[in-house]
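The block underneath contains the structure these notes are about, expressed in structure tokens.
The values are calculated or read from the model by the stated rules, or taken from the named source; none is laboratory data. Values in this document were obtained by computation on a predicted structure and should not be read as measured data. For neighbour counting, all protein chains shown are included, and Cβ atoms are generated from backbone atoms with ideal geometry for every residue, glycine included. Note: areas computed on protein heavy atoms with side chains; ligands, DNA, RNA excluded. Shrake-Rupley method; radii C 1.70, N 1.55, O 1.52, S 1.80 Å.
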Amino acid sequence: MPVTARFKRHFLTCATLFLLGSALAACPEKDLSLEDESLGVIYADDLDAGEEQTVFSGACFTLGGLDLSTPSITIKGGAFSSEVLTVSGDGVSGTVQKLSGTPDQRTLTGVKLTLTLPSGVLNNVPLETGTYLLEGEATQSAEVWHFERAVLTRQDGRAEKYALEDADLKEGRLSAKEARLVQDLNQLKASGVSGTEQQVQAAQVEFCVCRDLDARELLVQGEDLQVTPATFAVRSVRFHAYGLQTPSLGSLELPLDPEKPLLAAVQEAFEDYQAKLEQKPVGVVSASGSVALKNLPVTLDLDTRLNLGVHTLQQGTVPEVLLDRETADLRLQVGLAAPVNGESSSPSLLFDAAPSSGPALRAHFRVGAQDTSEIGAGYSFRTGDFRLLALASFAQENGQTAPVYALEGLYRGEINSGNFTLKADTRLRLQSTLGDVAFVHDGFYLVGYQQGPWSAEVQHTLGTQAGDVHFRAFLPEQRNQTRLTVQYAPENWSARYSLMQDWQNAQTMNGVLVTTAVLELEGQTRYDAKAERWLNLSLNVTPLIVLTPDFRAEPMLGYDWASGSVLYGLGGTFYTSNYAYTLGLYHRSEGWGLKARVALR
């Protein structure tokens with residue numbers, strides 16, 4: 001073991017004083033001990049000292065009354081860093097992923113401590129006696145571990161989680177300036193339960209994403225629950241809403257991973273189910289003269305969705321009623337689609353069978369004489385999130401019929417890596433018909449980032465073509481837009497900035513929205529570079545007036561300097577035990593719009 005002359009002098013003056021007394025110290029099994037100005041007394045199995053740094057192997061020391069041990073810790077010029085540490089103390093055990101710092105500042109990253117706490121009160125939040133897991137990032141000085149933000153979770157099977165701010169751990173006791181209970185919103189009640197660790201049965205089950213299942217607001221009910229290592233199945237599923245109950249919607253069956261514990265496998269299966277629901281988000285889309293409810297599931301497998309809407313065009317008001325079923329191998333649409341490029345659609349039927357690998361069939365019939373009907377066959381190939389289809393078909397429109405040869409590529413996928421999210425939904429089409437070759441691109445791309453209260457998204461939507469496609473059905477919706485959104489949303493207020501560039505129409509839109517507990521303040525601008533004029537230059541305010549514990553009025557008043565018009569509207573939010581329902585009608589710069597939202601209370 002190399003030891004420099006400088007270290008020998010330090011070792012003789014310090015280590016000798018502690019070596020004989022190490023049997024009474026925190027780590028009596030260690031052979032070496034040394035006092036460091038940053039960490040106090042360090043006990044170690046071995047050390048390697050050089051001119052630049054000292055490395056302790058099998059080290060143990062005490063911070064804030066807790067003993068920490070690590071395979072290796074390095075001290076260099078007063079600064080130090082370590083590998084994963086094990087923590088122990090009176091009623092405390094756990095790990096720290098990294099310890100670093102200087103004599104003036106010690107930082108502990110990835111802290112996970114199991115605490116045995118007595119009953120008490122954290123900032124007016126009662127805390128029962130029990131075992132808890134404390135997680136967060138801490139700084140340490142004197143005898144205190146300080147957490148700016150931390151999460152405290154009960155470990156004895158009860159779903160209790162507390163969010164802490166400015167928390168201190170000292171001598172095994174926990175205190176916090178702010179604490180709040182974070183409830184588990186997945187509520188499940190079952191009757192007639194029996195089974196083992198590998199199989200569970202229940203005669204009746206009720207489930208809701210809510211705080212109080214017994215309020216009987218929005219529930220999912222089912223019968224004959226069967227959970228095995230490979231399958232989660234429940235029959236006769238019904239929706240219950242405020243005393244009204246739907247007929248049975250059939251059975252729900254989800255595959256489970258048999259290699260995982262049963263509870264973990266069920267949780268993962270429902271996470272996948274929720275992810276499938278969010279692939280086509282359910283929501284109300286409102287724009288000038290148009291409002292539509294999109295992607296409402298009508299089957300339990302979530303493959304069949306319903307769109308309902310009303311759209312105002314130059315030629316009048318047209319409805320939207322479209323039933324859409326999409327699986328990995330089949331696409332079926334029937335009804336009246338939303339207008340495209342400002343033109344109304346005709347009733348249509350689409351049957352598109354494209355298996356993972358094999359023969360494909362497409363039949364698309366539209367009622368209008370000016371609309372395209374198509375029938376054809378081809379071959380489909382799929383790998384992962386990418387599908388390739390070679391298709392030969394006949395298209396008819398306005399009395400003209402012609403063969404169409406096309407190669408279509410479709411990619412729809414999402415990648416999550418750390419705080420980043422990447423999404424893409426893109427269709428590429430290369431076709432030949434009536435002697436012309438054309439290329440069509442219709443896609444949506446998103447890059448998102450989220451860290452704590454900060455989030456940012458960049459979206460780009462592009463629908464364009466090169467060449468003459470000849471038939472309306474093959475035209476993409478003409479659009480070329482980029483949108484940037486940045487939001488800061490701590491607990492009690494939020495601020496959002498958005499920038500949207502419409503490259504096709506040479507228009508730039510900016511928006512700022514600040515929301516607090518008592519009001520919403522919104523400013524918008526829209527500039528047309530072609531016309532060289534402002535289309536929108538508005539500011540409006542919406543006071544949030546609590547009239548009763550169950551109702552909040554939301555009147556809006558503002559002004560648009562570009563058009564010289566007053567902006568106004570009225571809405572409100574109704575509260576129940578579990579949910580908040582918002583509905584309002586507002587006249588903004590672009591016209592009348594409807595605001596509708598359902599959220600947890």
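Assorted remarks:
- Looking across segment 579-601, the residues that are over 20 Å from VAL310 (Cβ atoms), in contact (Cβ under 8 Å) with a residue 60 or more places away in the chain and assigned to a strand (DSSP E or B) come down to TYR579, LEU600.
- Answer residue from segment 72-97, given it is out of contact with any Ser or Thr (no Cβ under 7 Å at 6 or more places or on another chain) and not assigned by the TED database to the domain that holds GLY110 and is surrounded by the fewest Cβ atoms within 10 Å (Cβ to Cβ) among those: GLY77
- Looking at GLY463, GLY511, just one residue is among the small types (Gly, Ala, Ser) and either within 29 Å of GLY384 (Cα to Cα) or over 27 Å from the mean Cα position of the chain (by Cα) (or both), and that residue is GLY463.
- Segment 511-527, subset exposed (fewer than 15 other Cβ atoms within 10 Å of the Cβ) and within 19 Å of SER455 (Cβ to Cβ), residue modelled with the highest pLDDT: VAL512
- Taking the criterion of being part of a loop (DSSP other than H, G, I, E, B) and open to solvent by less than 70 Å² (accessible area, probe 1.4 Å), the residues of segment 307-328 that qualify are THR327, ALA328.
- Listing of strands (runs of 3 or more DSSP E) fully contained in segment 31-118 that carry 2 or more residues being of a type in the set (Asp, Glu), more than 28 Å from ARG154 (Cβ to Cβ) and over 40 Å from the mean Cα position of the chain (by Cα): 32-36, 46-49
- Those residues of segment 544-578 which are assigned to a strand (DSSP E or B), open to solvent by 20 Å² or more (accessible area, probe 1.4 Å) and not β-branched (Val, Ile, Thr), in sequence order: LEU547, PHE551, ARG552, LEU557, TYR559, SER565, TYR568, LEU570, PHE574, TYR575
- Qualifying residue in segment 217-233 (condition: touching a residue at least 60 places away in the same chain (Cβ under 8 Å) and not in a strand (DSSP E or B)): yes
- Some residue of segment 423-437 being among the charged types (D, E, K, R), over 25 Å from VAL469 (Cβ atoms), part of a strand (DSSP E or B) and free of Cβ contacts under 8 Å to residues at least 40 places away in the same chain: yes
- Scanning segment 501-523 for residues that are in a strand (DSSP E or B), over 17 Å from GLY571 (Cα atoms) and of a type outside the set (A, V, I, L, M) turns up GLN501, ASP502, GLN507, THR508, ASN510, GLY511, GLY523.
- Screening SER22 with (1) at pLDDT 80 or above; (2) of a type in the set (Ser, Thr, Tyr); (3) over 42 Å from the mean Cα position of the chain (by Cα) gives one miss only, at (1).
- Cβ-Cβ contacts under 6 Å between residues 6 or more apart (or on different chains), taken from a first residue in segment 535-546 that is outside the structural domain of HIS587 (by the TED database) to a second residue that is among the aromatic types (Phe, Trp, Tyr), are listed as LEU537/TRP561.
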